[in-house]
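Only one structure is covered here, and it is reproduced in the block below.
All of the numbers you see were taken from the coordinates with simple rules; none came from a lab. What you see is a predicted model; the values in this text were computed from it and never measured. Positions of Cβ are backbone-derived with ideal geometry, glycine not excepted, and every protein chain shown enters the neighbour counts.
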Amino acid sequence: MDLSDSPEDAEFRARLREWLAKTLPALPPKPSPDDWPGRRAYDLGWQRTLYDAGYADVHWQASPGVRLIFLEETERAGAPYVGAGFVGLLHAGPTIAAEGTAEQRARWLPPVLRGEEVWCQGFSEPGAGSDLAALRTRAWRDGDHYVVSGSKIWTSHAEVADWCELLVRTDPRAPKHEGITWLAMRMDAPGVTVRPLRTLAGSTEFAEVFLDEVRVPVGNRVGAENDGWRVTMVTLSFERGTAFVGEVVACRRVLGELAARARRDGRWGDPALRRRLGRLNAEFRALWRLTQWNVSEAQAARGGVPGVGGSVFKLRYSQARQDLYDAAAEVLGDTALDLGHPWVRDRLSSLSYTIAAGTSQIQRDIVAERILGLPKGR
Amino acid sequence: MRFRPTDDQRALREGVRALLGRRFDREALRAAVDRPGRLDRALWRELGAAGFFALRLPEADGGVGLGLPEAALVFEEAGRALLPGPLLATHLAAGEVPGAAEGETVVAAVDGGGLVEWLAGADVVRGDAAGAVPLDSVDPLTPLHTVPARGAADPVAILLTAAEQLGTATRACELAVQHARAREQFGRPVGAFQAIKHLCAEALVRVETARAAVYAAAVTGDPADIAAARLLADEAAVRGARDCLQVHGGMGFTWEADVHLLLKRAWVRTRRAGGGTESEELLARDLLAATDRQGACLR
Ligand SMILES: Cc1cc2nc3c(=O)[nH]c(=O)nc-3n(C[C@H](O)[C@H](O)[C@H](O)COP(=O)(O)OP(=O)(O)OC[C@H]3O[C@@H](n4cnc5c(N)ncnc54)[C@H](O)[C@@H]3O)c2cc1C
């Protein structure tokens with residue numbers, strides 16, 4: 001067990017810290033949370049900045065030390081979040097890297113790294129959420145194309161995406177897990193209609209996507225036809241395993257700000273509040289350690305592909321994040337009802353964490369069946 | 001950064017597990033319950049010979065010369081086996097009290113919180129135990145006295161207690177899963193029912209979160225990391241044992257099942273070294289200190 005930086009890691013950290021100190025003050029102002037075109041431009045601009053400085057592929061690096069240091073240092077410095085780059089950088093990209101052909105990697109990965117293309121995730125459907133394998137969007141072969149019809153829902157950032165990692169049913173007669181295929185679809189292809197949905201926070205974070213005989217080249221298929229469920233598992237393991245880790249550091253920063261705010265408002269004398277914040281400190285410290293543990297394990301045991309340990313992390317983290325913003329509401333008092341305060345919006349958005357990327361109930365099934373070996377069936 | 005235990009550390013853990021499996025199996029555990037207050041001195045000496053107490057003592061002083069991470073792994077195994085006795089006090093006395101390192105002398109200690117475990121069964125008592133009042137200990141395997149609280153908590157004691165809690169939590173989760181697989185109702189194992197499955201899953205989540213926190217704290221030795229480890233490990237052990245009891249149904253409420261032994265020991269440990277409140281306060285202060293250091297902007 002060794003949690004210290006290796007000499008190379010320490011050097012990477014020092015260089016990154018220096019670069020952040022120099023680069024961040026020159027960034028343009030952040031766009032408003034509802035301005036998706038503005039957010040796309042901002043997030044891609046940041047990715048381009050990282051690319052030019054040689055940091056773009058840091059999430060894809062073999063060295064767990066470097067990845068974790070990057071997340072730690074960028075968060076600590078208050079650098080922009082991956083934002084619109086989330087799907088491309090944190091799960092579609094890694095899936096293509098792991099499962100795609102050389103040609104596919106060459107086509108799709110560099111634009112993600114250079115901050116030129118945004119991806120979205122077209123997995124969920126109105127009738128297929130937790131039961132993802134129940135998806136019905138159809139695709140049939142027409143020469144060297146698939147023709148796709150159906151609809152997707154809750155597709156985050158669909159409005160501003162160039163590409164969609166899309167699950168389709170290519171064999172309706174096969175058992176439901178066996179007739180699925182993983183495709184990359186252009187969002188500006190004829191037949192794609194995006195209808196933004198309003199979230200409880202009032203924003204348009206995600207959308208419905210209607211697909212009417214959309215033509216997708218067969219060469220855009222990642223993995224074999226009807227083998228999409230296996231590829232999907234790779235995608236989901238990245239999504240649950242590593243995609244949220246940077247946020248833990250962000251939560252720790254917010255927690256420090258909560259304490260400072262409580263002191264400023266004269267609330268620090270309240271032992272119940274103090275102890276609540278102290279306990280949250282324990283929680284987020286432990287979650288950061290769990291992150292280090294998972295990344296270290298994935299590296300040692302699975303060549304970098306995260307294991308089901310991601311479900312353990314996701315269960316705990318999604319709850320902790322909600323607890324954090326509930327504590328924030330207590331610190332804020334009446335201001336907790338004012339949407340103008342960023343913590344209030346963050347509190348609303350935290351409600352999605354126990355749902356998106358697989359609900360907590362589904363994660364518990366995964367932990368019980370795949371880690372603990374309890375029998376299937378409910 | 002390489003978080004996993006090294007091969008040597010894993011071998012050490014396996015060695016202790018094998019020793020305890022051989023010398024302190026379930027039968028021995030139940031036998032110990034039947035003769036409360038009496039320590040197995042032969043086992044104590046065996047632990048001494050295996051380096052349990054002298055683990056962190058420098059080799060120059062006749063110790064094993066290992067560090068906190070190794071001690072945490074070893075105490076985790078003790079917690080897993082529910083090994084009774086003033087293990088921690090004797091471990092902390094190695095090198096200071098003659099015979100402690102070898103397991104010849106059994107040492108009890110007054111801890112910062114005002115409890116003394118195994119006061120009457122020990123050869124040497126460290127700290128001022130004047131006015132100690134015996135309790136009718138809830139844990140049949142840990143005789144207890146209380147004295148007025150005095151002194152500050154020792155971070156190493158907190159960490160190794162957390163490691164023991166982690167072991168007990170792991171055991172509780174294993175027992176729950178075993179029972180959920182074996183016990184049938186409505187024609188299938190109760191572990192096929194989602195309500196039971198989810199109890200087990202949450203138990204594992206608490207165990208794994210606590211494990212990451214305890215191991216990390218053992219590596220950094222940082223007081224805030226240690227405080228965090230204790231809070232997570234206490235939670236994992238106490239809630240793990242309660243949920244394990246629930247999974248066992250009526251059987252879980254009996255003296256015959258081991259579940260209550262896990263829960264009661266976990267309760268005893270939550271009171272050590274100032275208890276969780278002190279750790280929460282430390283972590284609260286740590287938040288302000290960190291914020292002041294970084295000069296974080298206020299929103
Ligand atoms: C903010 C946000 C962003 C999202 N972004 C995307 C995206 O970009 N792309 C995408 O494809 N999807 C996305 N999703 C969809 C998300 O993956 C689904 O919402 C989620 O998997 C749950 O599916 P559902 O909404 O259909 O709920 P349902 O599956 O209908 O579940 C309803 C309730 O029943 C419970 N339940 C269902 N089945 C079981 C079971 N077997 N056992 C116990 N309880 C069960 C669930 O836990 C839940 O509480 C997003 C969701 C949110 C909230």
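Some points to look at:
- Among B:251-258, B:105-112, sorting by the average number of other beta carbon atoms lying within 10 angstrom of each residue, highest first, gives B:105-112, B:251-258.
- Multiplying the residue separation of A:His177 and A:Val308 by 0.36 nm and subtracting their alpha-carbon distance yields 45.3 nm.
- Dimensionless Rg over Rh [region A:109-180; C-alpha; Kirkwood]: 1.03
- Taking Cβ atoms as reference points and 10 Å as the exclusive limit, the residues near A:Val231 contribute a net charge of -1, counting Lys and Arg as +1 and Asp and Glu as -1.
- Bridges between two residues of chain B, per DSSP, are antiparallel at a rate of about 75%.
- Look at the stretch B:274-284: the mean tally of other chain Cβ atoms within 10 Å of its residues' Cβ atoms is 5.
- Distance between region A:88-147 and region A:318-378 - C-alpha centres, whole angstrom: 27 Å
- Once you divide the Cα radius of gyration of region A:34-164 by 2.2 N^0.38 Å, the number left is 1.18.
- Taking 0.36 nm per residue of sequence separation and removing the Cα-Cα distance, the B:Arg22/B:Arg4 pair yields an extension gain of 3.8 nm.
- Rounded to the nearest 20 debye, the dipole magnitude of region A:231-372 is 420 debye, with +1 charges on Lys and Arg beta carbons, -1 on Asp and Glu beta carbons, and the Cα centre as origin.
- Tilt relative to chain A, helix A:7-23 - C-alpha long axis, 0 to 90 degrees, to 10: 80 degrees
- Taken about its Cα centre, region B:168-251 carries a charge dipole of roughly 360 debye when the Cβ of each Lys and Arg holds +1 and the Cβ of each Asp and Glu holds -1.
- On the basis of the beta-carbon distance and an R0 of 51 Å, A:Ala134 and A:Glu11 show a calculated FRET efficiency of 0.55.
- Region B:95-170, relative contact order in percent, only Cα pairs under 8 angstrom and at least six apart counted: 27 percent
- Region A:275-288 - phi-based ³J(HN,Hα) in whole Hz, Karplus 6.51/-1.76/1.60, Gly and Pro as x: 5, 4, 5, x, 5, 5, 4, 4, 4, 6, 4, 5, 5, 5
- Two-site FRET efficiency, A:Asp212 against A:Asp326, from Cβ-Cβ distance with R₀ of 35 Å, rounded to 0.05: 0.25
- Between A:Gln361 and A:Trp60, residue separation times 0.36 nm minus the direct Cα-Cα distance comes to 105.4 nm.
- Neighbour-count ranking [beta-carbon atoms within 10 angstrom, fewest first] of A:Ile355, A:Ile371, A:Ile96: A:Ile355, A:Ile371, A:Ile96
- Once the Kirkwood radius over Cα pairs is known for the protein assembly as shown, the Stokes-Einstein relation at 10 °C and 1.306 mPa s delivers a diffusion coefficient of 59 µm²/s.
- A simple spin-label model places the labels of B:Val133 and A:Asp334 4.9 nm from each other, with each point 7 Å out along Cα-to-Cβ.
- Whole-number D in µm² s⁻¹ for region B:178-299, Kirkwood Cα-pair radius fed into Stokes-Einstein, 4 °C, 1.567 mPa s: 78 µm²/s
- Burial ranking of peptide ranges A:22-34, A:270-282 (average Cβ count within 10 Å, highest at the top): A:270-282, A:22-34
- Pair B:Arg30, A:Leu348: separation of 7 Å Cα→Cβ label points (nm): 6.0 nm
- Charge dipole magnitude, Cβ of K and R +1, D and E -1 - region A:5-122, Cα centre, debye nearest 20: 240 debye
- Proximal aspartates and glutamates relative to A:Lys152, as straight alpha-carbon distance under 15 Å, when same-chain residues fewer than 8 apart are discounted: A:Glu125, A:Asp131, A:Glu165, A:Glu205, A:Glu208, A:Asp212, A:Glu213
- Karplus 3J(HN,Hα) series, Hz, for region A:258-266 with 6.51 cos²θ - 1.76 cosθ + 1.60 (x for Gly, Pro): 4, 4, 4, 5, 4, 5, 4, 7, x
- For residues of A:268-275, the mean tally of beta carbons on other chains within 10 Å: 3
- Sorted into 20 angstrom bins from 0, the C-alpha pair distances of chain A split as 26, 59, 14, 0 percent.
- Cα-based equivalent ellipsoid, chain B: semi-axes from gyration tensor eigenvalues, Å: 29, 26, 20
- The simple Förster model, with R0 at 25 Å and r as the Cβ-Cβ distance, assigns B:Arg150 and B:Asp123 a FRET efficiency of 0.65.
- For region A:46-107, GluC sites (Glu not before Pro) are listed when DSSP marks them as loop and at most 10 other Cβ atoms sit within 10 Å of their Cβ; the list is empty.
- Here the peptides A:255-261, A:126-132 are ranked by packing, the mean other Cβ count within 10 Å, and the order with the highest first is A:255-261, A:126-132.
- Among the DSSP helices (H) of chain B, those spanning at least 18 angstrom by Cα along their long axis with an average Kyte-Doolittle hydropathy of -0.5 or more are B:68-81, B:155-182, B:194-220, B:223-248; this is a geometric and hydropathy rule only.
- Other protein chain Cβ atoms within 10 Å, averaged over every residue that makes up A:361-371: 5
- Remark on region A:227-348: ratio of C-alpha radius of gyration to 2.2 N^0.38 Å is 1.26.
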